[in-house]
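Chemist: The structure follows.
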Amino acid sequence: MKLPSRVQLIDVGPRDGLQNEKQPVAAEVKIELVHRLQAAGLTEIEVTSYVSPKWVPQMADNAQVMHGIRRQPGVRYSVLTPNMKGLEAALSAPRVEWPDEIVVFGSASEAFSQKNINCSIAESIERFAPVVAAAREKGIAVRGAMSCTVGCPYEGEVAPEAVGRLAKLMKDIGVERVDVADTIGVGTPRKVQAAMEATLAHFGVDAVSGHFHDTYGQALVNTLASLELGVWNFQSSVAGLGGCPYAKGATGNVATEDVVYMLHGMGIATGIDLDALIDAGVYISQALGREPNSRASKALRVKRGA
Ligand code: HMG
Ligand code: MG
């Protein structure tokens, strides 16, 4: 199949990237990160999540961050809302501060569903249904994240059939598009393609995105394997930040810088200025006191200095 000529990236750094940070990160730093990402050409940014602060303390400043960001026309700002309480909190702000899209997040494996959101897959869908309906009624887009689509930290391998079942449940409650997530980064190309195909049985190719953590260094090749199926939406994290607090040992998402380097090298447009993106990654990494976790960033910064 001919590869897509354009790719849409969602930077999940401010949310997936920072949710796992042990050290406090000031809301001002998160806001500045969002500003730098949009200045670099990102048109979709996952900003924060409205989850329990007892479960994920780093996202407790959700309202402050949504209040502080200066919105740029043409940019879609999304937030995670696992239940009605989360949606109500997101919508308790003035309308101009509402997210453009909310994300409900379920799992293809039962054990991860319990660990991450404290309920079974079936219960999670029951919880999501009114959230999805209420958001859509208000004109807010709805995405569904599907965790553990190839492997689970508690159950091991996950069958494509389980992914297909979850995708169908998401579709049935009105979720508009879904993320096929390799939460712990164990996937390899053919397994990721099987998870994608199980999802594509229920959603059109424009409504499916890849979300690959890079624990085993497979995220770029899994991106390419997804492009081969026509998938052209992907999530990544500036400077390779992150990991899920309920998936021990899992590292961050693939670095946006590395994905952009690969795509531009293949002649695939992203609308992103790689140099400005690298600077955004350096900004947040310095704030966290470490180096960006991106090979392309490192190599290109060495070249700049030469
Ligand atoms: P629960 O304990 O079952 O909820 O948690 P509950 O309804 O029984 O309520 C218990 C307490 O939480 C109550 O407070 C509620 O008010 C409060 P208390 O009376 O004890 O003081 N509460 C909330 N507070 C703020 N916002 C809310 C909210 N809901 C309840 N929305 C719950 C269930 C889902 C809330 C909890 O399990 C939770 O917050 N989980 C979040 C887990 C999380 O954020 N994980 C990381 C994001 S997912 C991810 O990273 C994967 C992804 O990247 C894709 C991939 O890579 O796989 C998306
Ligand atoms: Mg994730």
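The values are calculated or read from the model by the stated rules, or taken from the named source; none is laboratory data. Predicted model, so just to flag it, every value in this text is computed and none were measured. As a convention, Cβ positions derive from the backbone with ideal geometry for all residues, glycine included, and neighbour counts pool all protein chains shown. Just so you know, the surface numbers come from the protein's heavy atoms only, side chains and all, with ligands and any DNA or RNA stripped out. Shrake-Rupley method; radii C 1.70, N 1.55, O 1.52, S 1.80 Å.
Chemist: Can you tell me how much longer the chain between residue 216 and residue 88 gets when fully stretched, taken as 0.36 nm per residue apart minus their C-alpha distance, in nm with one decimal?
Modeler: Contour length minus Cα-Cα distance gives 42.3 nm.
Chemist: Roughly what percent of Cα-Cα pairs across region 221-290 reach past 14 Å?
Modeler: Of the Cα pairs, 64 percent sit more than 14 Å apart.
Chemist: A follow-up question, please. Going by average Cβ density within 10 Å per residue, which order do the peptides 203-215, 4-16 take, highest to lowest?
Modeler: The most tightly packed comes first, giving 4-16, 203-215.
Chemist: Report the FRET efficiency, 1/(1 + (r/R0)^6), for residue 2 and residue 129, where r is their Cβ-Cβ distance and R0 is 22 Å, rounded to 0.05.
Modeler: With a Förster radius of 22 Å, E is 0.05.
Chemist: Another question, if that's okay. What would the Debye formula give as log10 I(q)/I(0) at q = 0.21, 0.24 Å⁻¹ for the alpha-carbon point model of region 152-204, no solvent?
Modeler: -0.75, -0.93
Chemist: Then there's this: Return the carbon/sulfur percentage of the accessible area of the chain, one whole number, probe 1.4 Å, all protein chains in place.
Modeler: Ligands and nucleic acids excluded, carbon and sulfur give 54 percent.
Chemist: Just check the chain against the gyration tensor rule for me: Cα atoms, a ≥ b ≥ c as the square roots of the eigenvalues, rounded for a/c under 1.5, and otherwise prolate or oblate depending on whether a/b exceeds b/c.
Modeler: Since a/c stays below 1.5, the shape of the chain is classed as rounded.
Chemist: Just for the Cα atoms in region 14-90, what are the lengths along the principal axes, largest first, rounded to whole Å?
Modeler: Principal axes ranked by extent give 33, 28, 18 Å for the Cα atoms.
Chemist: Report the antiparallel proportion of the DSSP beta bridges in region 8-305 as a percent, rounded to a multiple of 5.
Modeler: So the antiparallel bridges amount to about 10 percent of the total.
Chemist: What GluC sites (Glu not before Pro) in region 60-168 are in a loop by DSSP, with at most 14 other Cβ atoms within 10 Å of the Cβ?
Modeler: Counting only loop positions with at most 14 other Cβ atoms within 10 Å, none of the GluC sites (Glu not before Pro) in region 60-168 qualifies.
Chemist: Say each of residue 279 and residue 266 gets a label point 7 Å from the Cα, pointing the same way as Cα to Cβ; how far apart are those two points in nm?
Modeler: With each label point 7 Å from Cα toward Cβ, the separation is 2.8 nm.
Chemist: Still on this structure: Within the chain, how many Lys pairs that are eight or more residues apart, or on different chains, come under 17 Å at the alpha-carbon?
Modeler: Within the chain, the lysine pair count is 7.
Chemist: Now, a different point. How much length is gained if the chain between residue 205 and residue 303 is pulled fully straight, taking 0.36 nm per residue apart and subtracting their Cα-Cα distance, in nm to one decimal?
Modeler: 31.5 nm
Chemist: Do the sum for the chain: with -39,500 (n - 2.57) for every DSSP H run of n ≥ 4, divided by all residues, what is the mean residue ellipticity at 222 nm, to the nearest 500 deg cm²/dmol?
Modeler: -12000 deg cm²/dmol
Chemist: Keeping every protein chain present and rolling a 1.4 Å probe, give me the accessible area per residue for region 157-291 in Å².
Modeler: Per residue, region 157-291 has an accessible area of 36 Å².
Chemist: Looking at the square roots a ≥ b ≥ c of the eigenvalues of the Cα gyration tensor of region 1-142, which shape do they give, rounded for a/c under 1.5, prolate if a/b is larger than b/c, or oblate?
Modeler: Rounded.
Chemist: Could you please report the charge total around residue 109, scoring K, R as +1 and D, E as -1 over all other residues with beta-carbon less than 13 angstrom from its beta-carbon?
Modeler: After counting each charged neighbour, the total is -3.
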